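Below you'll find the structure, written out as structure tokens, and then a few comments.
The values are calculated or read from the model by the stated rules, or taken from the named source; none is laboratory data. Please read all numbers here as calculations on a predicted model, not as lab measurements. Don't worry about glycine lacking a Cβ; one is built from the backbone with ideal geometry, like all the others, and counts go over all protein chains shown. Quick note on the areas: whole protein, heavy atoms, side chains included, nothing else; ligands and nucleic acids left out. Shrake-Rupley method; radii C 1.70, N 1.55, O 1.52, S 1.80 Å.
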Amino acid sequence: EAGAVVLTASHFLNNTAASGGAISAQGEVTASESGFAKNSGAAVVIQGQIPGSTTSFDSSNFTSNIGGGLVVSYMDSLQLRGCNFTANSALDGGGGGLYVVDTPVLAVDCVWLAN
């Protein structure tokens, strides 16, 4: 059984991995007031396929990440509230700020700039 990841006022800077430079998770991730900057291999990679799994980010920032800011696949839902996605870049033409596969997304009061 997968556990949930909960982050509050956390900051991830200059991390590197093939996938998920700051965080790579299978299942629910909840983050509030957290920052992800200058990570490689996408800042956060989340893969689901767990019934009822929801991932949410509130007032979080994704800045200058290589490989993308946030990659989410096969979750029941993704909720973004008050998040900023700035100057993230993706390899091979994928989503610079946000890349989503088979996951409904609700984004409220988010800023997307120069991704």
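Per residue, the stretch 1-85 exposes an accessible area of 44 Å² to a 1.4 Å probe, with every protein chain left in place. Within the accessible area of the chain, the carbon and sulfur atoms contribute 49%, probe 1.4 Å, all protein chains present.
In terms of packing, defined here as the mean over residues of other Cβ atoms within 10 angstrom, the peptides 62-71, 96-105 line up highest first as 62-71, 96-105. Its relative contact order, with pairs defined as Cα atoms under 8 Å and 6+ residues apart, puts the chain at 21 percent. Summing Lys and Arg as +1 and Asp and Glu as -1 over all other residues whose Cβ lies under 14 Å from the Cβ of S59 gives a net charge of -2. Of the options (i) 9.3; (ii) 6.1; (iii) 8.8, only one is mean projected area of the Cα convex hull in nm² as computed from these coordinates, and that is (ii).
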